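The values are calculated or read from the model by the stated rules, or taken from the named source; none is laboratory data. Fair warning: this is a prediction, and the values are worked out from it, not measured in the lab. Here the Cβ is made from the backbone with ideal geometry for all residues, glycine too, and neighbour counts use every protein chain on show.
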Amino acid sequence: MISYPNVFVFDHPLIKHKVSILRDKNTGMKEFRELIEEITTIMTYESMRDVKLEAVEVETPLEKTVQWRVPEESIAIVPILRAGLGMVNGVHKVFPTARVGHIGMYRDEATLEPHEYYCKLPDGIESKTVFLVDPMLATGGSACDALAALKKRGVRHIKFMAIIAAPQGIEAVAKAHPDVPIYISTVDRCLNENGYILPGLGDAGDRLFGTK
């Protein structure tokens, strides 16, 4: 049972349905990519319940009225390369004008430790709400390092989203970054000896981009 105050696990029937198809080894690349986007869109809606709004005046066909909107240029998306790229369009369906940065992390196959090799972020990112996205949260090393990299560059408002997570990864990120809300669609059983999530769905990047 996950019981950290900054961790939110979705219990949504539609997400469960889509994750079951996502896991299937026979699901092709096109459908896999579409499912990642669809699940991300649902998660984005759910994770923005606390979004700050600003009052704006709108003129309807009948009269002027004060309404509420998410401020322009207030959202950014930062995928952890490369699998995180598959989640960008899912967030963009909700916030089509969101700027996109990129953080590249690679995992040492011997130690399973993550290393940053690339980071390019939009101007003014320190004042935006940033969605850090990665479909898989395994050991938590890459997510912890990516969050630290964003904070080092002045980002104060971050939401981390992963579709499939292992308990070890959730614990690592929740403890290292207790100020960051962590949104997970599904918690899996464990990691195997190679650091892969079980039952998982294989390598998300390979299945997204047709590589091995």
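Determine the pairs where a residue that is free of Cβ contacts under 8 Å to residues at least 24 places away in the same chain, located within region 30-55, has a partner that is surrounded by fewer than 17 Cβ atoms within 10 Å (Cβ to Cβ) and in a helix (DSSP H, G or I) with Cβ atoms under 7 Å apart, the partner being 6 or more residues away or on another chain.
Listed pairs, sorted by first residue: Leu35/Ile21.
Among the residues of region 115-131, write down those that are within 25 Å of Glu37 (Cβ to Cβ) and either part of a loop (DSSP other than H, G, I, E, B) or touching a residue at least 24 places away in the same chain (Cβ under 8 Å) (or both).
Result: Tyr118, Cys119, Leu121, Pro122, Ile125, Lys128, Thr129, Val130, Phe131.
When region 182-206 is examined, which residues are found to be more than 23 Å from Val9 (Cβ to Cβ), over 16 Å from the mean Cα position of the chain (by Cα) and not in a loop (DSSP other than H, G, I, E, B)?
Passing the criteria: only Asp206.
Give the residue, chosen from Met48, Met1, that is modelled with pLDDT under 95 and exposed (fewer than 11 other Cβ atoms within 10 Å of the Cβ).
Of the residues listed, the single one that is modelled with pLDDT under 95 and exposed (fewer than 11 other Cβ atoms within 10 Å of the Cβ) is Met1.
May I ask you to list the residues in region 68-122 that are more than 16 Å from the chain's Cα centre (by Cα) and among the basic types (Lys, Arg)?
Arg69, Arg107, Lys120
Of all the residues that make up region 61-80, how many are at pLDDT 95 or above, under 30 Å from Ala149 (Cβ atoms) and in a loop (DSSP other than H, G, I, E, B)?
Of the residues in region 61-80, 0 are at pLDDT 95 or above, under 30 Å from Ala149 (Cβ atoms) and in a loop (DSSP other than H, G, I, E, B).
If I filter region 161-181 for residues that are part of a helix (DSSP H, G or I), touching a residue at least 60 places away in the same chain (Cβ under 8 Å) and surrounded by 24 or more Cβ atoms within 10 Å (Cβ to Cβ), do I get at least one hit?
No: region 161-181 contains no residue that is part of a helix (DSSP H, G or I), touching a residue at least 60 places away in the same chain (Cβ under 8 Å) and surrounded by 24 or more Cβ atoms within 10 Å (Cβ to Cβ).
Under the condition of being crowded, with 17+ Cβ neighbours inside 10 Å and over 17 Å from Lys151 (Cβ atoms), which residue from region 123-140 is nearest to the chain's Cα centre (by Cα)?
The extreme case among them is Pro135.
Could you list all residues from region 182-208 that are hydrophobic (A, V, I, L, M, F, W, C) and surrounded by 15 or more Cβ atoms within 10 Å (Cβ to Cβ)?
If the condition is that a residue be hydrophobic (A, V, I, L, M, F, W, C) and surrounded by 15 or more Cβ atoms within 10 Å (Cβ to Cβ), then Ile182, Ile184, Val187, Leu191, Ile197, Leu201, Ala204, Leu208 are the ones that fit.
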